[in-house]
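Notes for the one structure printed next.
The values are calculated or read from the model by the stated rules, or taken from the named source; none is laboratory data. Please read all numbers here as calculations on a predicted model, not as lab measurements. Note that each Cβ is placed from the backbone with ideal geometry, even for glycine, and that neighbours are counted across all protein chains shown. When the accessible area is computed, the model is the full protein with side chains, heavy atoms only, and any ligands, DNA or RNA have been set aside. Shrake-Rupley method; radii C 1.70, N 1.55, O 1.52, S 1.80 Å.
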Amino acid sequence: MTQSNRLPRGGRIDRSRPLTFKFNGQTYQGFAGDSLASALLANGVDVIGRSFKYSRPRGIIAAGAEEPNAVFQLGATEATQTPNVRATQQELFDGLVSQPTSGWPNLNFDFMGLMGTILGRMLPPGFYYKTFMFPQAAWDTYEKYIRKAAGLGRSPREPDVDIYDHLNQHTDVLIVGAGPAGLAAALSAARSGARVILADEQAEMGGSLLDGGYTLDGQPAAEWLKATLDELARYDNVLLLPRSTVNGYHDHNFLTIHERRTDHIGDRAPANHSRQRLHRVRAKWVVLATGAHERPLVYGNNDLPGCMLASAVSTYINRYAVVPGNRLVLMTTNDNAYRTAFDWQDAGREVVAIVDTRQGAAGAWQEEARRRGIKVLTGHAVIEARGRKRVQGAVVSGLSPDGSQALGSDQVLVCDTLATSGGWSPAVHLSCHTGSRPIWDDEVIGFVPGKTVQKQLAAGAVAGRFGLNECLEEGASLGALAATNAGFTAEPAAVPTAECRPETRPMALFCVPHHKRNSRAPKQFVDFQTDVTAAAIELATREGFESIEHVKRYTAMGFGTDQGKLGNINGMAIAAKSLNQTISETGTTIFRPNYTPVTFGAIAGRHCNDLFDPMRYTAMHEWHVKHGAKFEDVGQWKRPWYYPKPGETMQQALNRECLATRDSVGILDASTLGKIDIQGKDAREFLGRVYTNAWAKLPVGKCRYGLMCREDGMVFDDGVTSCLGENHFLMTTTTGGAAGVLEWLELYHQTEWPELEVYMNTVTDHWATMTIAGPNARKLLSELTDDIDLDRDTFKFMDWRQGTVAGVPARVFRISFTGELSYEINVQAHYGLHVWEKLFEHGAKYDLTPYGTETMHILRAEKGFIIAGQDTDGSVHPYDLGMSWAVKEDKPFSFIGKRGMKREDCVRTDRKQLVGLKTLDPGIVLPEGAQAVDDPNQPKPMKMLGHITSSYYSANLERSIAMGLIRNGHNREGDIVYYPLENGRVVEAEICGTIFLDPKGERQNV
Amino acid sequence: MFYIYCPYCGEHREEEEFHAKGQAHLARPKDPDACSDEEWGNFLYFRPNPRGLYHELWVHAIGCRKFFNIARDTQTYEILETYRIGESPKLSQSTDQQQS
Ligand SMILES: [Zn+2]
């Protein structure tokens, strides 16, 4: 393939480094310094996709972030697939593989093309709006095709092979954009000594200085650019970030920068290099120097390949030495775009005409055009492009001075490229991210940043100042102001002067009128990505959508991955005209982060796989691993779930663990239970206020179970608290609830009862806790301690003792969550493994069996003990649980939850209450969450009585057991209820008490 | 993401270190048992949702663990002042004050 559109010289490309790349299966060549878009244009590739709704051929329009059509899928391998890459922003590298994402199944002839108008009719304006009101099933059917056709790309089906970084940055001045304004700002700020970050989305800094033939102080702009960048690079207080898009502006001057570190080198990053980096920046002051996007004009068939932005054409010529055609027609509303015609002519190709929409436009630019022999048609407009897969002609008509009507007879200019400029829209996106509304400015003919509470300044084109000298001067002065505001002494840097032709007033024109009504004229596209036309917007306003936000949702304008960077302002202008309003009356628009798509890799950074979330291990973790434990996550903890022996199923392992514990002795690693140390002379009073039961008389050496409720009376945590000293308690909480309980205790202490002298701190990680349970627990423990009297009458159930176990200091609590004789041995965490192993050394003769959380759940359910958060869900109070014994209503202080439990709704007798449930078929284990009904044959939706909260197979009882909530359940013991399951089966169960085993509690009192 | 001044630590820290705890200056009734169901319901569930100045309780959860108050503009998210429990805000003209 030859690069037929490549100029023999010029541009900022390296012709000594040819690069080979693939697009849509074809191999092409470009040069180092090319963007993927410039390389495609150099190779004369016109059609790079097909449109979403009408399947029309589409070409490259722009040269930057605003490109709506050339959005590709990149990746040479499955693992490196990257969707949503704008070819205009992707630097070319050797071996690059790209695919169009639109135009399924192929670019030149496709199913969608066959469907033609059928699909257009299927997807009228308001399609999304109307479809979302359809049943879900209809959307499921459409979505497949829409996603495929809409050019949304796809994610890789294999894990990402690259690594990504996050960096937290603090800076005095963040400057967004390294065009003339940003560079001048950076000079002023940097020289003051302030910490400065200068970020620019392009590979090369310089912005518009890279694109045109500007001279500064009589020298080519490139020289000032180089000197400026050299100076900035010398400062230690300056961080230059090229290839870095400031994608989000968040509250309190927090900004995110997406830096692409190796995307220009290859398909994947070199070994040990991060591919992309997300900078999380807290900036004292921000200077937005984001520039402006040129606005295309809207006219008939304006989506034909060859229709381009004027400035983009100049960029391709000057920066990449690519002329994307042979015969140019330029349509403009302003002087500045004349530059494109001059660039085109200087590149040696033919300018057919400049079509200036202004009546009698005359000045330096028109003079220069005449001098060059270029035909200028003032007071005219291109009302329609002609061609099939490429522009072949432009239909030019007269235009009324106010731009409202096409006048007179048409002429057709033969051309292959139609460049347009409707002026410039300041890139106000970032200033809008924090909720600031941009303001329409009739002088600028665009939106400028509105009032903001952020510490933010806007310099240059983003503020509506488009002249190069204005940009340089404003940049220098606002860079100094930002540094001064951040506490530095700064002066505006001296900036060079550009030689500029004076410009006359531009015209506010957005949509070029056709002789026919817009609804009858050839399609005039406003938003290329979502195929929204001028007629569609007019239809939306006719259907009564007057707010621009509604118009956007109705038509899907601005909903593509380009966020409507090219089309939104034109769309608003068309809506305003259709509503007979000014643009500022029609309203303003909102932009949200991110400015351009960000990879999930950059968002995740290193927070993936093992580093996704912190993991917490107990002191005995390695032992569990070595002994084949399966783990479950409880909060951030890794807890042994069960310990299968080779060849055992999970149920077999659970049966063995359950039987061994009740028959001899089992051991559980209970270290993860939350432990809060509470001290102070008012500690006892404090406990009485936060627990539902009494604490005033608990003596030293004793333990007590307690329930905690919220103010609404609903249970939210439970646990055993032990009295270590008169003013010293150790509270235990559920594993998952530990942090929340401590914060909740602090809340009440700090905000409600600061007069109480009480201190608390978490000690969860300080202690390793191992529970031995079963008839042989005492015998086993007696072999490991000689200073704790284990006699059943001196060391009673619900007592605790301080002493030595396996030679290390220990607290031993005689408490039980299994209903067995049980001791919880607490030792300092670093002794944990030692004590655990000693227990096994001595426990072998008792067949000491480790059990995990699942067996713990079964054993406690056999005893009817609840798990807060499983048998409760925030709507269950202690009486619902049948735990009135744990509520002491006559305490002098109205404890938390007391008043809540007395509300009218809480004292109803027909509340859902916790009961035991036995399936009539003892082999069936009901699924947790199953809903009970009284009559399984009643019509749907059935009247539900409550759900199963806990359900297991009990090897000890040789049958299934369950607990669940049943409306009025406490009064329904013996009744049969029915559980209709998902598979259509109905399971019968009898309501019973919650204690399935040893109802008198004799086993734990031996 | 907010940048919050903790009045106890005496410095600005990232929002990740804090938890928001809802409306500030919401005192638990002194005698809950004397409250009617309606009064208790109002205390439990009803909160103003003003546009503009709002006083909120926050905790420096992954820091000093102290609770403190923030006066925040709910429209712009500006934090206008932070102050300790027991102190009064300088800014108080707001609908949220009328309720409690
Ligand atoms: Zn603090």
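If I ask for residues that are within 14 Å of residue A:613 (Cβ to Cβ) and surrounded by fewer than 18 Cβ atoms within 10 Å (Cβ to Cβ), which ones from region A:636-651 would you list?
Result: A:636, single match.
Among the residues of region B:45-63, is any at positive phi and either in contact with a helix residue (DSSP H, G or I) (Cβ under 9 Å, 6 or more places away or on another chain) or open to solvent by 80 Å² or more (accessible area, probe 1.4 Å) (or both)?
So far as region B:45-63 goes, yes, one or more of its residues are at positive phi and either in contact with a helix residue (DSSP H, G or I) (Cβ under 9 Å, 6 or more places away or on another chain) or open to solvent by 80 Å² or more (accessible area, probe 1.4 Å) (or both).
Could you tell me which of the residues A:689, A:704, A:778 is in a strand (DSSP E or B) and crowded, with 16+ Cβ neighbours inside 10 Å? Spell out how you get there, then give the answer.
On the way: A:689 fails: in a strand (DSSP E or B); A:778 fails: in a strand (DSSP E or B).
Answer to the check: A:704.
Kindly evaluate residue A:551 against the criterion of being of a type in the set (A, V, I, L, M, F, W, C), over 30 Å from residue A:655 (Cα atoms) and assigned to a loop (DSSP other than H, G, I, E, B).
In short, no.
Yes or no, residue by residue, for (1) modelled with pLDDT under 95; (2) within 36 Å of the chain's Cα centre (by Cα):
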position	(1), (2)
A:6	no, no
A:15	no, no
A:18	no, no
A:29	no, no
A:36	no, yes
A:39	no, yes
A:55	yes, yes
A:66	no, yes
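Select from region A:546-566 the residues that are basic (Lys, Arg) and in contact with a strand residue (DSSP E or B) (Cβ under 7 Å, 6 or more places away or on another chain) and list them in ascending order.
Across region A:546-566, the qualifying residue is only A:565.
Out of all the residues in region B:59-76, which are of a type in the set (Val, Ile, Thr), within 16 Å of the ligand (Cβ to nearest atom) and closer than 30 Å to residue A:452 by Cα?
B:59, B:70
Step by step: first the residues of region B:21-30, then only those that are more than 7 Å from chain A (Cβ to nearest Cβ) and part of a loop (DSSP other than H, G, I, E, B), then the one that is farthest from the chain's Cα centre (by Cα). Which residue is that?
The qualifying residue farthest from the chain's Cα centre (by Cα) is B:30.
Filter region A:878-905 down to residues that are in contact with a Lys or Arg (Cβ under 6 Å, 6 or more places away or on another chain) and under 16 Å from residue A:718 (Cβ atoms) and give me whichever is nearest to the other protein chains (Cβ to nearest Cβ).
The extreme case among them is A:895.
Could you list, ordered by first residue, the pairs with Cβ atoms under 8 Å in which the first is in region A:832-851 and touching a residue at least 12 places away in the same chain (Cβ under 8 Å) and the second is among the basic types (Lys, Arg) and open to solvent by 10 Å² or more (accessible area, probe 1.4 Å), at least 6 apart or interchain?
As it stands, the answer is A:846/A:779; A:849/A:656, since those pairs meet every condition given.
Let me spell it out: the conditions are (1) within 14 Å of chain B (Cβ to nearest Cβ); (2) under 25 Å from residue A:881 (Cα atoms), and residue A:734 meets all of them except one. Which number is the exception?
In the conditions (1) within 14 Å of chain B (Cβ to nearest Cβ); (2) under 25 Å from residue A:881 (Cα atoms), residue A:734 misses (1) alone.
When you go through B:6, B:35 one by one, which is the residue that is within 8 Å of chain A (Cβ to nearest Cβ), open to solvent by less than 80 Å² (accessible area, probe 1.4 Å) and out of contact with any Phe, Trp or Tyr (no Cβ under 6 Å at 6 or more places or on another chain)?
Result: B:35 is the single residue among B:6, B:35 that is within 8 Å of chain A (Cβ to nearest Cβ), open to solvent by less than 80 Å² (accessible area, probe 1.4 Å) and out of contact with any Phe, Trp or Tyr (no Cβ under 6 Å at 6 or more places or on another chain).
Identify, by number, the condition in (1) more than 8 Å from chain A (Cβ to nearest Cβ); (2) polar (S, T, N, Q); (3) closer than 27 Å to residue A:253 by Cβ that residue B:75 doesn't meet.
Looking at each condition in turn, residue B:75 falls short on (1).
Residue check, residue B:26 against (1) open to solvent by less than 30 Å² (accessible area, probe 1.4 Å); (2) more than 16 Å from the ligand (Cβ to nearest atom), all met but one. Which one?
Unmet for residue B:26, out of (1) open to solvent by less than 30 Å² (accessible area, probe 1.4 Å); (2) more than 16 Å from the ligand (Cβ to nearest atom): (1).
On the given criteria, is residue B:83 within 14 Å of the ligand (Cβ to nearest atom) and either open to solvent by 80 Å² or more (accessible area, probe 1.4 Å) or more than 10 Å from chain A (Cβ to nearest Cβ) (or both)?
On the way: within 14 Å of the ligand (Cβ to nearest atom): yes; either open to solvent by 80 Å² or more (accessible area, probe 1.4 Å) or more than 10 Å from chain A (Cβ to nearest Cβ) (or both): yes.
Taking the combined requirement at face value, the residue satisfies it.
If the requirement is being of a type in the set (Gly, Ala, Ser) and under 24 Å from residue A:264 (Cα atoms), which of these qualifies: A:182, A:213, A:218, A:193? Write out each step before concluding.
Values: A:213 fails: under 24 Å from residue A:264 (Cα atoms); A:218 fails: under 24 Å from residue A:264 (Cα atoms); A:193 fails: under 24 Å from residue A:264 (Cα atoms).
Exactly one of A:182, A:213, A:218, A:193 is of a type in the set (Gly, Ala, Ser) and under 24 Å from residue A:264 (Cα atoms), namely A:182.
One line per residue, one yes/no per condition, for (1) crowded, with 22+ Cβ neighbours inside 10 Å; (2) touching a strand residue (DSSP E or B) at 6+ places or on another chain (Cβ under 8 Å); (3) acidic (Asp, Glu); (4) in a loop (DSSP other than H, G, I, E, B):
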{"site": "A:411", "(1), (2), (3), (4)": "no, yes, no, no"}
{"site": "A:437", "(1), (2), (3), (4)": "no, no, no, yes"}
{"site": "A:447", "(1), (2), (3), (4)": "yes, yes, no, no"}
{"site": "A:450", "(1), (2), (3), (4)": "no, yes, no, yes"}
{"site": "A:474", "(1), (2), (3), (4)": "yes, no, yes, no"}
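Yes or no: residue A:591 surrounded by fewer than 18 Cβ atoms within 10 Å (Cβ to Cβ) and outside any helix (DSSP H, G or I)?
Taking the combined requirement at face value, the residue does not satisfy it.
Quick one: in region B:9-23, which of the residues that are small (Gly, Ala, Ser) and away from the ligand (no atom under 13 Å from the Cβ) is surrounded by the fewest Cβ atoms within 10 Å (Cβ to Cβ)?
B:22
Go through the residues of region A:192-202 one by one and say whether even a single one is over 27 Å from residue A:275 (Cβ atoms), more than 14 Å from chain B (Cβ to nearest Cβ) and either surrounded by fewer than 21 Cβ atoms within 10 Å (Cβ to Cβ) or modelled with pLDDT under 95 (or both).
There is at least one residue in region A:192-202 that is over 27 Å from residue A:275 (Cβ atoms), more than 14 Å from chain B (Cβ to nearest Cβ) and either surrounded by fewer than 21 Cβ atoms within 10 Å (Cβ to Cβ) or modelled with pLDDT under 95 (or both).
Of all residues in region B:38-58, count the ones that are under 26 Å from residue B:77 (Cα atoms), facing chain A (nearest Cβ under 10 Å) and more than 16 Å from the ligand (Cβ to nearest atom).
Taking region B:38-58 and keeping what is under 26 Å from residue B:77 (Cα atoms), we get B:43-58.
Next, from what is left, pick out any that are facing chain A (nearest Cβ under 10 Å): B:43-45, B:57.
Add one more test, that the residue is more than 16 Å from the ligand (Cβ to nearest atom), and what stays is B:43-45.
Residues that pass the stated criteria total 3.
At least 2 residues that are open to solvent by 30 Å² or more (accessible area, probe 1.4 Å), farther than 25 Å from residue A:35 by Cα and at pLDDT 95 or above in each: list the strands (runs of 3 or more DSSP E) lying fully within region A:210-298 that qualify.
Strands (runs of 3 or more DSSP E) meeting the threshold: A:274-288.
For the condition more than 38 Å from the chain's Cα centre (by Cα) and over 21 Å from residue A:591 (Cα atoms), what is the one hit in A:483, A:493, A:476?
A:493 is the lone residue from the list that is more than 38 Å from the chain's Cα centre (by Cα) and over 21 Å from residue A:591 (Cα atoms).
Quick test of your reading of the structure: residue B:68 fulfils all but one of (1) in a loop (DSSP other than H, G, I, E, B); (2) surrounded by 17 or more Cβ atoms within 10 Å (Cβ to Cβ); (3) at the interface with chain A (Cβ under 10 Å from one of its Cβ atoms). Name the failing condition by number.
Unmet condition: (1).
Among all residue pairs at least 6 apart or on different chains, which show Cβ distances below 7 Å where the first residue, located in region B:55-66, is within 15 Å of residue B:10 (Cβ to Cβ) and the second is near the ligand (Cβ under 8 Å from one of its atoms) and among the basic types (Lys, Arg)?
Cβ pairs passing all conditions: B:60/B:66; B:63/B:13.
Do you know which residues across region A:151-162 are crowded, with 16+ Cβ neighbours inside 10 Å and either within 15 Å of residue A:277 (Cβ to Cβ) or among the hydrophobic types (A, V, I, L, M, F, W, C) (or both)?
If the condition is that a residue be crowded, with 16+ Cβ neighbours inside 10 Å and either within 15 Å of residue A:277 (Cβ to Cβ) or among the hydrophobic types (A, V, I, L, M, F, W, C) (or both), then A:152, A:160, A:162 are the ones that fit.
What number goes with the only condition from (1) at pLDDT below 95; (2) closer than 27 Å to residue A:740 by Cα; (3) not polar (S, T, N, Q) that residue B:67 does not pass?
(1) is the only condition that residue B:67 fails.
Cβ-Cβ below 8 Å, separation at least six or inter-chain, first residue in region B:1-16 and in a helix (DSSP H, G or I), second within 13 Å of the ligand (Cβ to nearest atom) and open to solvent by less than 40 Å² (accessible area, probe 1.4 Å): which pairs?
B:15/B:4
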